[in-house]
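Data first, discussion second: the structure below is written as structure tokens.
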Amino acid sequence: MERNFELDPAAARARYVQCWLRDMAEEVGVAAPEDSADCVVLAEAAHAYITARVDAAYPGVPEAIWALNQAGCTLYTASGEHSRDLAGYLSCLGVVQCFVTLYGVDLVGVPKENPRYYERIFAHAGVTPSDALVVDDSEKRLDHASASGARTVLCGPRSPASSRHRHIVALAALPELLQIG
């Protein structure tokens, strides 16, 4: 079933971080702040601290991002996560400065599974879809990007079912596919 709804990004984030913090506090046997606003402040501080320390780089990914950046590619991220969390992850990888905008669901206003997701990013970025190349590990999401007019690349071990998507096994292979570097 397609989830086709608009998000109230601030309210959704506040609910999420409050639940997350309260669940974590309960798990370790400490009290979370009772006041919702205090809970959100503490949770956001914890998220910022944690995400900036998550080193989850796949081999060659930071180098590929830098190669694309140095070749003059304008880079954006598009994630189902919050833009602040993306900033933390990409900071830890040492590549956050390579990106113009970090498009989390808080900036887009619809879930990544929504067909309007990429349309909103292209509009906000001022990018003509046919000038965009979208790389994702989900063929369904690439179908949405392709329907918007973007060129697409499936990143993962399985070849795409649709011939409209190009394919790479790992993001580290993207500069070679684009003949960069």
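The values are calculated or read from the model by the stated rules, or taken from the named source; none is laboratory data. Note that the structure is predicted; figures quoted are calculated from it, not measured. Neighbour counts are summed over all protein chains in view; Cβ atoms, including those assigned to glycine, are modelled from backbone coordinates with ideal geometry.
The set of residues in segment 111-134 being surrounded by 19 or more Cβ atoms within 10 Å (Cβ to Cβ) and hydroxyl-bearing (S, T, Y) consists of Y117, Y118.
Quick check on segment 44-88: of everything there that is out of contact with any Phe, Trp or Tyr (no Cβ under 7 Å at 6 or more places or on another chain) and β-branched (V, I, T), which residue is nearest to A32 (Cα to Cα)? Checking each candidate, the answer is I50. Among residues of segment 126-148 that are over 24 Å from V61 (Cβ atoms), those with a Cβ under 6 angstrom from a residue that is at pLDDT 95 or above and surrounded by fewer than 18 Cβ atoms within 10 Å (Cβ to Cβ), sequence gap 6+ or separate chain, pair up as P129/G149; S130/G149. A Cβ distance below 7 Å, combined with a sequence gap of six or more or placement on separate chains, defines the contacts here; from segment 28-49, residues that are farther than 17 Å from R13 by Cβ reach residues that are surrounded by 16 or more Cβ atoms within 10 Å (Cβ to Cβ) in the pairs A31/A25. Which residue, of V61, V30, V40, is loosely packed, with under 15 Cβ neighbours inside 10 Å and of a type in the set (V, I, T)? That would be V30, the only listed residue that is loosely packed, with under 15 Cβ neighbours inside 10 Å and of a type in the set (V, I, T).
Considered as a group, the residues in segment 94-106 that are crowded, with 17+ Cβ neighbours inside 10 Å and in contact (Cβ under 8 Å) with a residue 12 or more places away in the chain include one that is farthest from G149 (Cα to Cα), and that residue is V95. Only helices (runs of 4 or more DSSP H) whose full extent lies in segment 10-96 are considered here, and the ones with at least 3 residues that are under 19 Å from V134 (Cα atoms) are 61-70, 83-93.
Looking at the structure I just gave you, is S83 touching a strand residue (DSSP E or B) at 6+ places or on another chain (Cβ under 6 Å) and at negative phi? Taking the combined requirement at face value, the residue satisfies it.
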